[in-house]
Amino acid sequence: LISIIILLFLALLSPIYELVEILVLIPISFIITIASAITFVDIWHFFSLVNRYENEDKYDYLTGLGNVKEFDRHLNEVSSKAEEKKQSLALLLIDIDGFKDVNDHYSHQSGDAVLKQMSQLLKNYVPNQFKIFRNGGEEFS
């Protein structure tokens, strides 16, 4: 529709075009408009998939916390900075005792719920300047 309006506007401004030329240009411009829209949607979809896969590479799917790969990257970064500044670091490792029993006796869905609750507790109580990671299983850091 937009392409038709543009062509009609051009026809009114420039009497060079004959009616037959304009009638030929209308479907061509329509096809170009549709192709452009499809290309735009494809490019947008591609970049949203790239963003999604980048996030999956950094975050634990269940808890939304950083995963072990992101933990390693972050630990290397902060330890390098601390070494440069001659500062010390503290690392807290948390392991849920008896977690295997929860999975074995109550189901893996219950275990997942426990992990989600634990991650939410950590998010609520750990100050924002610190990072929280799920290192795998029932281990957090």
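Looking across ARG134, ARG52, ARG73, one residue alone is farther than 30 Å from ILE5 by Cα and outside any helix (DSSP H, G or I). It is ARG134.
Of all the numbered requirements in (1) loosely packed, with under 10 Cβ neighbours inside 10 Å; (2) closer than 17 Å to ASN135 by Cβ; (3) in contact with a helix residue (DSSP H, G or I) (Cβ under 9 Å, 6 or more places away or on another chain), ILE94 misses one, and that requirement is (1). Every condition in (1) modelled with pLDDT of 85 or more; (2) surrounded by fewer than 11 Cβ atoms within 10 Å (Cβ to Cβ); (3) outside any helix (DSSP H, G or I) is met by PRO15 except one, and the failing one is (1).
Taking the criterion of being within 16 Å of PHE130 (Cβ to Cβ) and touching a residue at least 12 places away in the same chain (Cβ under 8 Å), would at least one residue in the range 73-89 satisfy it? Looking through the range 73-89, at least one residue is within 16 Å of PHE130 (Cβ to Cβ) and touching a residue at least 12 places away in the same chain (Cβ under 8 Å). Of the residues examined, ILE43 is one that is β-branched (Val, Ile, Thr), more than 30 Å from PHE133 (Cβ to Cβ), outside any loop (DSSP other than H, G, I, E, B) and modelled with pLDDT of 85 or more. Residues in the range 100-115 that are assigned to a helix (DSSP H, G or I), surrounded by 10 or more Cβ atoms within 10 Å (Cβ to Cβ) and within 30 Å of the chain's Cα centre (by Cα): ASN103, HIS108, SER110, GLY111, ASP112, ALA113, VAL114, LEU115.
The values are calculated or read from the model by the stated rules, or taken from the named source; none is laboratory data. Given the structure is predicted, the values throughout are model-derived calculations rather than measurements. Cβ atoms come from the backbone with ideal geometry, glycine included; neighbour counts cover every protein chain shown.
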